[in-house]
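This report refers to the structure that appears directly beneath it.
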Amino acid sequence: MNTVLKVLSLLLSYPTEELRQSVPELKAALASETGIAKREKTLLTKLADDIGSLDIYDAQERYVFLFDRTRSLSLHLFEHVHGESRDRGQAMVDLMAMYEDEGFDIDAKELPDYLPMFLEFLSTKPRAEASELLGQIAHILAALKERLKKRKSIYVNAFGVLEALALGKPDQTLLRNLLETAEDDPHDLEALDRIWEDEAVTFGGNAGENACGPDRLRTQMRAASRKPSDPSPKHIA
């Protein structure tokens, strides 16, 4: 499962030429993985092939329109549960503290609730703990899956796999509340700018300028290997 989570963290990151070149390696890692079913392997292999087959600029443009310009598809987890509330800043601090307690270092310009980063963190954890933590955000993952499905996006494959890896089912009330939120238009740049200006978040002095806004394009997951530990489950929100 650790390998799958690492692959997911990479496939959900902003596409780079390095990522495209690594697609054969990612597929080989999935093929040798014994912790997931054939269906999940197939879903991720198709996503990897799709990213690898696109012109890099087309892949990047697609990613930006989906995840950076569409707040309802944001890969920043707390965007969906805290929005504009002050609780969001404290949730960031708490998640950062959890990372630090486990010796998991992140770049100063990366927000701790960025899903690819969270998945990289989970890839260092034992399966039971990783599944439990995924279960805590199951309603967010399910909402993102439904929205991507409506758009007929290949990225829905990643969320189908995450759903299979998470412990338990999403809370239906929380999921319904998320799906009832109006979806924004990625082509309305003026409205998008107003949203990000109103919801800029800083925490602990570590957030770089525009770190959570639509200009966040070059975030890339580090490939550092870390030994998993087995502490008691934490709560992220």
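Just so it is clear, none of the values below were taken in a lab; they were calculated from the coordinates. Note that this is a predicted model, so its numbers are computed, not measured. Cβ atoms come from the backbone with ideal geometry, glycine included; neighbour counts cover every protein chain shown.
Please pick out the residue among Glu79, Glu25 that is farther than 19 Å from Lys150 by Cα, within 17 Å of the chain's Cα centre (by Cα) and in a helix (DSSP H, G or I).
So the residue among Glu79, Glu25 that is farther than 19 Å from Lys150 by Cα, within 17 Å of the chain's Cα centre (by Cα) and in a helix (DSSP H, G or I) is Glu79.
Take Lys6 and tell me if it is crowded, with 18+ Cβ neighbours inside 10 Å and basic (Lys, Arg).
yes
Exactly one of (1) in a helix (DSSP H, G or I); (2) over 28 Å from Met98 (Cα atoms); (3) touching a residue at least 60 places away in the same chain (Cβ under 8 Å) is unmet by Ile154. Its number?
Only one criterion in (1) in a helix (DSSP H, G or I); (2) over 28 Å from Met98 (Cα atoms); (3) touching a residue at least 60 places away in the same chain (Cβ under 8 Å) is unmet by Ile154, namely (1).
State whether the residues of segment 65-85 include one that is surrounded by fewer than 18 Cβ atoms within 10 Å (Cβ to Cβ), more than 22 Å from Leu179 (Cβ to Cβ) and in contact (Cβ under 8 Å) with a residue 40 or more places away in the chain.
Checking segment 65-85: not a single residue is surrounded by fewer than 18 Cβ atoms within 10 Å (Cβ to Cβ), more than 22 Å from Leu179 (Cβ to Cβ) and in contact (Cβ under 8 Å) with a residue 40 or more places away in the chain.
Which one of these is surrounded by fewer than 18 Cβ atoms within 10 Å (Cβ to Cβ) and in a helix (DSSP H, G or I): Ala164, Ala130?
Ala164
Answer with yes or no whether Asp94 is surrounded by fewer than 20 Cβ atoms within 10 Å (Cβ to Cβ) and either of a type in the set (A, V, I, L, M, F, W, C) or under 20 Å from Leu134 (Cβ atoms) (or both).
yes
Looking at (1) out of contact with any His (no Cβ under 9 Å at 6 or more places or on another chain); (2) surrounded by fewer than 21 Cβ atoms within 10 Å (Cβ to Cβ); (3) in a helix (DSSP H, G or I), which is the only condition Glu110 fails?
(3)
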